[in-house]
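To start, the structure under review is shown below, and the notes come after it.
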Amino acid sequence: MSTKASTQHYRVDPHARFRVMDDEGIFVLQDAGEVLVVNELGAFIVEQLKAKHSLDEVITSITERYAVDAERARLDASSLVDELLQAGAITRS
Amino acid sequence: MSALTIAFAGSRYRFAGLNPEQLDLVRSKFDALLGTDDTQPDVEIDVHYSPNPEGFMRRPAGPVEYRVAVVHAEDSVAVAGIGFTANIDRRPLRAQMQTCLADEWFVGAFENLFRVVACYRLFSEGALVLHSAAFTDGARGFLFCGRSGAGKTTLCGLADELELGILSDELNAVTTSAERLELQAMPIAGDFGGAPSAHPPYPLTGLLGLAHGAPPSVDRCSKAEAVSRIVASCPYINADALLVDELTSRAAKLVERMPLRILSFAKDTRFWSVLNHEYQSQHAALSR
């Protein structure tokens, strides 16, 4: 399980674009010409990160919105953040 | 030095500065699309032949598949491949090509540049150019977007067995008007081959992505997946920071007008009866 600093902030990478469509989200990674789709929860997490909320704040928002426990929310959020960092879709800010 | 004009999808591309060997090569390849009117082309491409291969990407010993390098800047787009470099000005859209090639390798370089220029021209005209396979039954046009390995060439081979008309197994364009969506063949063939030929536009009847699976089926997908498949299939433009937002918006509008479906198919021709039925049903529903 990932152990990210809860105060860490993230933003959409300058070489990527993010857009929400019918609750799901799309990242266009310009350098690679690749596109990633994230589900409703993923789109919510990215929107929260874009709104300059820390990872810990995002996790709290997930528990409130989706009625899941904090551990589950942390696992989901950390996993997605890891994947998006690796793909170059988001970056630490 | 001589010039020629290639016309397709409503645009004329004038290539000037070709030496006699280059001219013959291009003429023999694009014979069916050569225009007779050289005045006021939509895009001008100047070719400068420099026989010294130093400074160009070297040609390999044998046939090779490689990715053309494309670098986007604010005012221009730089392109480089085996034996050539080029610069494409965004406004007005025009290009300058430098090449050390005048043999059969020149055709590949020419196509590589033409592909990029045509994508930009058609995008500026409101169209989307997609990595895709496309075929027609004479009345309806079907487009299957997907990148390398998606099954485009396989599908074209199967469609050919069914005597459906193949447009291209590599690049096709979707043009939009208030009335309808049209499918335009690009004069670039992939592995399926064939010389470029003049095709009329066909009404776009089916917009699909590809998946491997049996038995064949046509399935829905979310709007986000549909848009992502289209954006991922639009070469050059999807990597251009100045155009990618417009591309995404245009893809979203396209799937609102014509939902993208996923065709799952195996290496047999059973897919056609499923596809034919799916889009006959849709046509009937629209006619009521």
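The values are calculated or read from the model by the stated rules, or taken from the named source; none is laboratory data. Every value quoted in this text rests on a predicted model; they were computed, and no experiment measured them. We place every Cβ from the backbone using ideal geometry, glycine too, and count neighbours over all the protein chains shown. All accessible areas refer to the heavy atoms of the entire protein, side chains included, with ligands and DNA or RNA removed. Shrake-Rupley method; radii C 1.70, N 1.55, O 1.52, S 1.80 Å.
Could you look through the stretch A:66-87, keep only residues that are closer than 27 Å to residue A:30 by Cβ and more than 11 Å from the chain's Cα centre (by Cα), and pick out the one that is surrounded by the fewest Cβ atoms within 10 Å (Cβ to Cβ)?
In this case the residue turns out to be A:86.
Quickly run through the stretch A:16-28 and pick out the residues that are within 9 Å of another protein chain (Cβ to nearest Cβ) and either open to solvent by 60 Å² or more (accessible area, probe 1.4 Å) or touching a helix residue (DSSP H, G or I) at 6+ places or on another chain (Cβ under 7 Å) (or both).
Scanning the stretch A:16-28 gives A:17, A:19, A:20, A:21, A:22, A:23, A:24, A:25, A:26, A:28.
One line per residue, one yes/no per condition, for (1) hydroxyl-bearing (Ser, Thr, Tyr); (2) under 17 Å from the mean Cα position of the chain (by Cα); (3) open to solvent by less than 60 Å² (accessible area, probe 1.4 Å):
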site	(1), (2), (3)
B:199	no, yes, no
B:208	no, yes, yes
B:219	no, no, no
B:251	no, yes, yes
B:255	no, no, yes
B:260	no, no, yes
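Can you name the number of the only condition in (1) out of contact with any strand residue (DSSP E or B) (no Cβ under 7 Å at 6 or more places or on another chain); (2) free of Cβ contacts under 8 Å to residues at least 40 places away in the same chain; (3) crowded, with 18+ Cβ neighbours inside 10 Å that residue B:110 fails?
In the conditions (1) out of contact with any strand residue (DSSP E or B) (no Cβ under 7 Å at 6 or more places or on another chain); (2) free of Cβ contacts under 8 Å to residues at least 40 places away in the same chain; (3) crowded, with 18+ Cβ neighbours inside 10 Å, residue B:110 misses (2) alone.
Suppose we filter the stretch B:73-92 for residues that are touching a residue at least 60 places away in the same chain (Cβ under 8 Å) and under 25 Å from residue B:58 (Cβ atoms); how many remain?
Within the stretch B:73-92, residues that are touching a residue at least 60 places away in the same chain (Cβ under 8 Å) and under 25 Å from residue B:58 (Cβ atoms) number 1.
Return yes or no: is residue B:137 open to solvent by 30 Å² or more (accessible area, probe 1.4 Å), of a type outside the set (Lys, Arg) and in the same structural domain as residue B:211 (by TED's automatic domain parsing)?
Considered against the rule, which asks whether it is open to solvent by 30 Å² or more (accessible area, probe 1.4 Å), of a type outside the set (Lys, Arg) and in the same structural domain as residue B:211 (by TED's automatic domain parsing), residue B:137 comes out as yes.
Of B:194, B:190, which residue is away from every other protein chain (no Cβ under 14 Å), under 28 Å from residue A:31 (Cα atoms), part of a loop (DSSP other than H, G, I, E, B) and under 20 Å from the mean Cα position of the chain (by Cα)?
Unique residue meeting the criteria: B:190.
Out of the helices (runs of 4 or more DSSP H) lying entirely within the stretch B:198-288, which hold 2 or more residues that are assigned by TED's automatic domain parsing to the domain that holds residue B:137 and farther than 30 Å from residue B:69 by Cα?
It comes to B:244-257, B:271-287.
Inspect all residues belonging to the stretch B:200-214 and state whether any of them is under 18 Å from residue A:16 (Cβ atoms), modelled with pLDDT of 95 or more and in contact with a Cys (Cβ under 8 Å, 6 or more places away or on another chain).
Checked against the condition, which is being under 18 Å from residue A:16 (Cβ atoms), modelled with pLDDT of 95 or more and in contact with a Cys (Cβ under 8 Å, 6 or more places away or on another chain), the stretch B:200-214 yields no hits at all.
Among the residues of the stretch B:197-250, write down those that are more than 10 Å from chain A (Cβ to nearest Cβ) and among the polar types (S, T, N, Q).
B:197, B:205, B:217
Going through the stretch A:30-43 one residue at a time, which ones are open to solvent by less than 20 Å² (accessible area, probe 1.4 Å) and within 15 Å of the chain's Cα centre (by Cα)?
A:38, A:42, A:43 - these are the residues of the stretch A:30-43 that are open to solvent by less than 20 Å² (accessible area, probe 1.4 Å) and within 15 Å of the chain's Cα centre (by Cα).
Considering A:7, A:63, which residue is more than 12 Å from the chain's Cα centre (by Cα), more than 14 Å from every other protein chain (Cβ to nearest Cβ) and open to solvent by less than 70 Å² (accessible area, probe 1.4 Å)?
That would be A:63, the only listed residue that is more than 12 Å from the chain's Cα centre (by Cα), more than 14 Å from every other protein chain (Cβ to nearest Cβ) and open to solvent by less than 70 Å² (accessible area, probe 1.4 Å).
Select from the stretch B:176-193 the residues that are closer than 25 Å to residue B:279 by Cβ, of a type in the set (Gly, Ala, Ser) and exposed (fewer than 14 other Cβ atoms within 10 Å of the Cβ) and list them in ascending order.
B:177, B:178
Restricting the stretch B:251-267 to residues that are in contact with a strand residue (DSSP E or B) (Cβ under 6 Å, 6 or more places away or on another chain) and under 18 Å from residue B:176 (Cβ atoms), which is farthest from the other protein chains (Cβ to nearest Cβ)?
Taking the candidates together, the pick is B:258.
Would you confirm, using the coordinates I've provided, whether residue A:35 is among the aliphatic types (A, V, I, L, M) and at the interface with chain B (Cβ under 10 Å from one of its Cβ atoms)?
yes
Restricting attention to the stretch B:265-276, and to residues there that are at pLDDT 95 or above and open to solvent by 60 Å² or more (accessible area, probe 1.4 Å), which single residue is nearest to residue B:212 (Cα to Cα)?
Among those residues, the one meeting the criterion is B:270.
Check off (1) more than 20 Å from residue B:186 (Cα to Cα); (2) open to solvent by 60 Å² or more (accessible area, probe 1.4 Å); (3) at pLDDT 95 or above for residue B:44 and give me the number that stays unchecked.
Just one mismatch for residue B:44, condition (1).
Find the residue count for the stretch B:8-18, including only residues that are open to solvent by less than 40 Å² (accessible area, probe 1.4 Å) and part of a strand (DSSP E or B).
Here the count works out to 7.
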